[in-house]
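Contents: one structure, followed by commentary.
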Amino acid sequence: MSIPTEPIGSIPRSRALQEALAEHAEGRLGDAELAKLQEQAVAETIARLEQLGETVLVDGDQAKPSTITYPLTGLASLSPDGAVIPFADGHTRQLPRLTGGPFRYQVRAETYLRDALRHTDRPVKQSVVAPSALSLLYPGEPIDGYPREKFLSDLASEAEADIRGCLQAGAHRVQLDFTEGRLSLKLDPSGSVLDDFIALNNEVLGRFTEEEGARLGVHTDPGADQDSTHSLDVDYAGLLPKLFRLKVGNFYLQLAGEPDPERVLRIVADQLRPGIRVFIGVTDPLSTTVETSEEVRDRVLLAARHIPVDQLGTCDDAGFSPFADDTSTSRDLAFAKIEARVRGTALASEALGL
């Protein structure tokens, strides 16, 4: 049995789709026309991934505004002046701020999954936003008539429904995106915010059976937007022990972009427990250089020195375009890196006699 490999999620949108999104935002393109172009982009993305030999597919988030904000599309009780996420190159992303309750998802991830499944008979993975990320919507000052405790209760129920809907729709795996984990240690080095994030996510994950948990995963990275990160300078050692407390069967870890990957692998090895699989990042979406298959192979073989092969998988460090307007990475570059991951993982499997 060969080492499994999976994409993380987002793929850069084509120039035509980028232009359509801009026209839609300006009111010059209707909803139906945009939806048709997004569906075409999903079909093309899935076809390209199949051609590259991916055994587990994603829709590339072609119809998502971002990996974080998709549930909020159409939610009226929001103000634009929410939490600001600073990146190392100086640019920022700003979340909206919740102004009233009750909090309800307006769009569920199963919508994207069902659309993707129409275009393939191969397994499809669906990424969802972790409830910890959406907890940042609640402001520092209490909302009149809607206390934070009630918001977190509503959020947990909505996140559970988001995940459960994907499982019931036939997702091969449901992956929680947890980029805010490492960032939390930059904002609060004491780790108390991270502890709150882990507790909230586990409140949701604990509602699933052991069998369902085997189909759940969590992905973490130090941010990947416009070829920059928000928390690569934060020591991974502060995150990983707490990350592995999450009640999932699969962990997707950014590693190719780490300055000392073997140190990270040693920490991961100390956290392993039976029944989980660790997918290590072997391609760096922030680098404009396409990894060779041999480079990927060697990264996998290094990981195999620390992680049992039957608990090892590979992935990209992150999605290639978590925000729809990110044009820093070309679509062709993303697919080239994905092909290197698929081929390099196969080479590693052969070298290990699998």
* Asked: Can you list the lysines whose alpha carbon sits under 16 Å from that of Lys242, skipping same-chain ones fewer than 8 residues off?
  -> Lys186
* Structure fact -> In nm, the gap between the two label points placed 7 Å beyond Cα toward Cβ at Gln106 and Leu301 is 5.2
* Asked: Separation of segment 211-289 and segment 83-131 by C-alpha centroid, Å?
  -> 19
* With Cβ to Cβ distances under 10 Å as the rule, what net charge do the other residues near Val234 carry (K, R +1; D, E -1)? -> 0
* Structure fact -> Of all C-alpha pairs within segment 35-158, those more than 25 angstrom apart amount in percent to 38
* Asked: Leaving out same-chain residues fewer than 8 places away, which lysines sit with a Cα under 21 Å from that of Lys247?
  -> Lys125
* When the chain is fully extended, how far beyond the present Cα-Cα distance does Gln168 get from Leu354, taking 0.36 nm per residue of separation? -> 63.7 nm
* To do: State the extension gain, in nm to one decimal, for the chain segment bounded by Arg266 and Asp235, taking 0.36 nm per residue of separation less the distance between their alpha-carbons.
  => 9.8 nm
* Structure fact -> Computed over all unlike Cα pairs, the Kirkwood hydrodynamic radius of the chain in Å stands at 20.4
* **Per-residue ³J(HN,Hα) for segment 264-276, Karplus 6.51 cos²θ - 1.76 cosθ + 1.60, θ = phi - 60°, Hz, x for Gly and Pro** => 5, 4, 5, 5, 4, 4, 6, 9, 4, 9, x, x, 10
* Asked: What size of dipole, in debye to the nearest 20, comes out for the chain about its Cα centre when the only charges are +1 on Lys and Arg C-beta atoms and -1 on Asp and Glu C-beta atoms?
  -> 680
* Structure fact -> Taking r as the C-beta separation of Ser192 and Thr288 and R0 as 35 Å, the FRET efficiency to the nearest 0.05 is 0.40
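Each value in this text was obtained by applying a stated rule to the coordinates, not by laboratory testing. Please read all numbers here as calculations on a predicted model, not as lab measurements. Cβ coordinates were reconstructed from backbone atoms using ideal geometry, including for glycine residues, and neighbour counts include every protein chain displayed.
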